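Reading through the structure tokens given below for one structure.
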Amino acid sequence: MKRTLPTISERMIAKQLDELEVDGIITRKVFNEVPLKVEYYLTAYGESLYPIVKEMRKWGYIHLENNNKQKAVKTG
């Protein structure tokens, strides 16, 4: 997540993960090792969001393409 959103703080990532866990979208597995290792997994409920996220991603790419075309027309 940090690589995808390099400007996000560790605190904000932890807060968002906690909220997703409370909402039942993800589950967390903690490994008792040093350094501490934690893995997150989508729950079945979380996986039900996949079609929605997929469509939003598709819209985002179309929106980005449209913006790039509009900028190209404006600049020349």
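Read the figures in this text as sums done on the coordinates, not as results from a lab. The structure displayed is predicted, hence computed values, not measured ones. Note that we place each Cβ from the backbone using ideal geometry, even for glycine, and neighbour counts take in every protein chain shown.
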Worksheet item: Once the Cα atoms of the chain are picked out, what are the Rg and Dmax in Å?
Response: 17.9, 59
Worksheet entry | Calculated FRET value between K71 and T43, using beta carbons and R₀ = 30 Å, to 0.05 | 0.15
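Mind checking the dipole of the chain: about its Cα centre, +1 per Lys or Arg Cβ, -1 per Asp or Glu Cβ, Debye to the nearest 20? All intermediate terms of the calculation are to be shown ahead of the outcome.
Working: 13 positive and 10 negative charges, 111 e Å.
Magnitude of the dipole: close to 540 debye.
Given an 8 Å cut-off on Cα distances and at least 6 residues of separation, report the relative contact order of the chain as a percent. If you can, show how the numbers build up before the last one.
Numbers: 39 pairs, mean separation 12.9, N = 76.
Worked out over the chain, it gives 17 percent.
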Worksheet, complete the sentence: Lys and Arg at +1, Asp and Glu at -1: neighbours of L42 with Cβ under 15 Å from its Cβ sum to -2
Worksheet item: Once you put a point 7 Å from the Cα of K54 and another 7 Å from the Cα of L5, both along the Cβ direction, what distance in nm separates them?
Response: 2.3
